[in-house]
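The values are calculated or read from the model by the stated rules, or taken from the named source; none is laboratory data. Here the structure is a predicted model, which is why all the values come from computation and not from measurement. Glycine also receives a Cβ, built like all others from the backbone with ideal geometry; neighbour counts cover every protein chain displayed.
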Amino acid sequence: MTKRSSRQKWQRPGVVFQPEVHLKMLEGIDQIVGAVRPTLGPFPRVVLYDRTMGDAGRVPEFLDDGGTIARRVIQIRGRDADVGAMLARNLLWSVREEVGDGTATAAVLFRSVYAEGLRYLTAGGNAMRLRHYLELGMREILTELDGMAGKVAGERQLRALATALSNHAELGRLLGEVFDVIGEYGRLEIRKGRTRAYEREYVEGMYWRGGLVSRIFITDIERQRAELQNAAILMTDLDIEDPRDLVPALSACVQAGLENVAVIARKISDAVIGMLMLNREKGKVKLNVVAMKTPGNTSTDQRAALTDMAVLVGGRALLRDAGDRLRDVRATDLGRARRVWADTLNMGIVAGQGDPRQLRQHIARLRHAYGTVTDKGDRAQLQERIGKLMGGSATLYVGGITETELDYAKEQTQRVADAMRGAMREGVLPGGGAALLACRPKLARRMAEAEEPEERAACRILMGALEAPVRALLENAGYEPGEALSEVEAAGPGYGFDVVRGEITEMASAGLQDVTTVVKTAVRHAIGGAAMALTTDVIIHRASPPDAVTT
Amino acid sequence: MSETMSNELVYALATTRDMTTWFAARGSGLYRSQDDGESWDDLYESLDLAEPLPTTSVVLSPDYDGKEHARLFAGVPGGVLRSVDGGESWFASNLDSPPPAVSALAISPNFVDDGVVLAATTEDGIFRSANHGGHWARWNFGLLDLTVFCMAISPGFSEDETLYAGVESGIFRSTNGGRAWREVDLPVGYEPVLSIGLSPGFPQDGIVFAGTESQGLLVSADYGVGWAQLGQGAVEGAVNAILVSPDFPGRPDLLVLADDVLWLSRDGGLQWTRVEDAPQGISTILAPKGLAVQSPLLVGLLSGDVVLLKLNA
């Protein structure tokens, strides 16, 4: 009976006005932030997600990542409060998606700005003007943070950062080493290991998904792969159906005195494969040809892979869209590499002999594109392409016994790895919330000079909010925030409270650092989101709840 | 003081600190002299080779004394030869296939403890061993140009783990002992880089010299961020070797081999004097005791000879 009436209430359309809007939204925000807040700092408490739903076989999930915790909350009681909760949820997940970390910081910042802003509005303040000054203040904070950012380089610094981010000494050591080797764009694959230990390995050269077109080309039975040395490479996204299509390319190889040829094509017919094998075994001219699939699932991916490959090995990729034909191939179209290998899944190139100057220019173009595109998928793809061209990749095997433990370790490692890349690009800040605290004097000066009440209020709200992450961190570690905060303030900019050692310390030199991008993203989303939420006056409910709620 | 060994050029020279033993890497193999170049022993005799084994580089362990500590490495086509007894016997370390051509070797000043030795190749980048040459692996992360001509290792390698590689299209630097490389911003048109010299105070002063194929000599005083040209009007042609005084910059002596001419500067590269009494056809040089006046200078020649000179004022 109760269930039914609750459902009916959810489905009833309606319009909600002030003061319920703000109060109920705060109620919802408090619930999400309350769930995420315990995870802030090096002594995070875990959140247990009950996903059993009556099924004894499904174990609860242990969570200590704010973004995931927020995402697990798909509905809270009271649909007005639910609006606030979902707003906070979306905001935190955006932070998580963008930079992989910083959700707990964003949560407490957001809650503080919203709650204090609400107090000001309740006293008769102007929401639109307050929003304007909150956004101005946010820009000031971002500029201050940029000014404080320091570079992170070298294995020692990277190790310290990774350890601070993961609270895991062994993972920190390995990630520090790996990123020192592969660089910010380097290709890192994270896999579940088979033991409790964390391990890493490096793979030389570049490799792509897209292996042999047929197992018949395997020459190394033990390793189930084919390998060519000092090979010529024909690269195309065309289909090779007719054996005669390959004759010009193979003739060019023979004339150039090349014995090993890798043919990379979108599709190669059985007739062509047969011809190649026959030639290898009985041909008058010994030509060792191995046929491989063009990497990539879509034609766009294939073109990108071929473009990268052509720069790496020299030569020219023959593209369907460019109207290229196999019968027009010349020797100069073929690339060269010291070694080409392929198994049934992957193909790789070691020591491609393309022009290193063109390779640099190509990487520079990809980096530029990386800096301009905003789509997360496109950025990930560009990062992978750059990483491939840099000369190798790394694989990190995470340790654990149970599948749950391995899943958690893999996700944590991915999160730290994303943050590390951000740190290498935009630098690091004094950790433990010290950087945010150090932004307060600027706001205090601005407040002193402010003429409008909304500007003064915005500065005061932001100054209070910048304390919130440190307060949460101290409380989570079992300290009394008031006392520690006044000691930190007295120590000066860059100093913070090391909750592990229980002392005031210069955070950067103690290796306690936060990633600039992460902090800035948290600030941008939290303050921007709260400023926007404060201007909300009305909530309109639909007749039916969203699909996600009913499932 | 020289003895013609055969008509094949000397690629590299090495000596013990006290100069009692000299090594010459030549087109026909590796040779050792223990009588100031009067006679030379073929160090590959024990290998019983059917054909001469061209040797392009030779390095000695920093603790080499020829007796208890007698580790040395020779770069040959396809790999590196390692000896622990001064060249009496050899272990072959084949580098990854296809067999690369070794162009230079570099050994860590802290080799005894860290075991780091590196081999540069002309087509396959850089190989690295961290167990005294026992096992080698290709380490080309970030090395976008695999045609490597030379390497220079920081005097403070045990701390800064820094080394430079001169390649066909510029210079790369590693700050983690040769496991990853990042490009150094050399002005366009100054590549390829054939030789690199580092100041003995490099960890502090950041002074790097780069010898180019056609644009003379360059110097950087900030670890390779900015570059300026040195020796314009004098040092021209392909700069194949750069020797920096061990007391640099206190004693700012520089000796450069450009084409086959020796140029000496006593003021950090502002003024240059041609070394007039040097022989013709120089291929490599070595100054084991520094560049002060009357210091010994070993000169390897295109003819295969090794000559001992005294540096003049």
Over segment B:276-307, the set of residues over 26 Å from residue B:103 (Cβ atoms) and more than 18 Å from the chain's Cα centre (by Cα) is B:276, B:277, B:292, B:293, B:294, B:295
Reported set for segment A:196-232 where residues are β-branched (Val, Ile, Thr), within 34 Å of the chain's Cα centre (by Cα) and not in a loop (DSSP other than H, G, I, E, B) is A:203
Determine if segment B:86-99 includes at least one residue that is in a strand (DSSP E or B), surrounded by fewer than 23 Cβ atoms within 10 Å (Cβ to Cβ), of a type outside the set (A, V, I, L, M) and more than 14 Å from every other protein chain (Cβ to nearest Cβ).
yes
The one condition residue B:225 fails out of (1) in contact with a helix residue (DSSP H, G or I) (Cβ under 9 Å, 6 or more places away or on another chain); (2) outside any strand (DSSP E or B) is (1)
The residue that is surrounded by the fewest Cβ atoms within 10 Å (Cβ to Cβ), considering only those in segment A:301-347 that are among the charged types (D, E, K, R) and under 27 Å from residue B:147 (Cβ atoms), is A:330
- Is it the case that segment A:116-131 has a residue that's under 30 Å from residue B:157 (Cα atoms) and not in a helix (DSSP H, G or I)? no
If we ask which residues in segment B:146-183 are within 8 Å of chain A (Cβ to nearest Cβ), touching a Ser or Thr at 6+ places or on another chain (Cβ under 7 Å) and surrounded by fewer than 24 Cβ atoms within 10 Å (Cβ to Cβ), their number turns out to be 3
Checked against (1) crowded, with 23+ Cβ neighbours inside 10 Å; (2) among the β-branched types (Val, Ile, Thr); (3) within 14 Å of another protein chain (Cβ to nearest Cβ), residue B:122 satisfies every condition except (1)
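One line per residue, one yes/no per condition, for (1) in a loop (DSSP other than H, G, I, E, B); (2) in contact with a helix residue (DSSP H, G or I) (Cβ under 8 Å, 6 or more places away or on another chain); (3) modelled with pLDDT of 90 or more; (4) of a type in the set (Val, Ile, Thr):
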site	(1), (2), (3), (4)
B:246	yes, no, yes, no
B:255	no, no, yes, no
B:268	yes, no, yes, no
B:300	no, no, yes, no
B:313	yes, no, no, no
When (1) more than 20 Å from the chain's Cα centre (by Cα); (2) free of Cβ contacts under 8 Å to residues at least 24 places away in the same chain; (3) within 14 Å of chain A (Cβ to nearest Cβ) are applied to residue B:232, the one that fails is (3)
Considering segment A:167-191, residues that are surrounded by fewer than 22 Cβ atoms within 10 Å (Cβ to Cβ) and in a loop (DSSP other than H, G, I, E, B), and then whichever is nearest to the other protein chains (Cβ to nearest Cβ), we arrive at A:183
Given (1) within 14 Å of another protein chain (Cβ to nearest Cβ); (2) out of contact with any Asp or Glu (no Cβ under 7 Å at 6 or more places or on another chain), residue B:210 misses just (1)
Check: If we scan segment B:61-73, do we find a residue that is in a strand (DSSP E or B) and polar (S, T, N, Q)?
Finding: no
The helices (runs of 4 or more DSSP H) lying entirely within segment A:286-390 that contain at least 2 residues which are out of contact with any strand residue (DSSP E or B) (no Cβ under 6 Å at 6 or more places or on another chain), away from chain B (no Cβ under 14 Å) and closer than 20 Å to residue A:184 by Cα are A:356-372, A:376-389
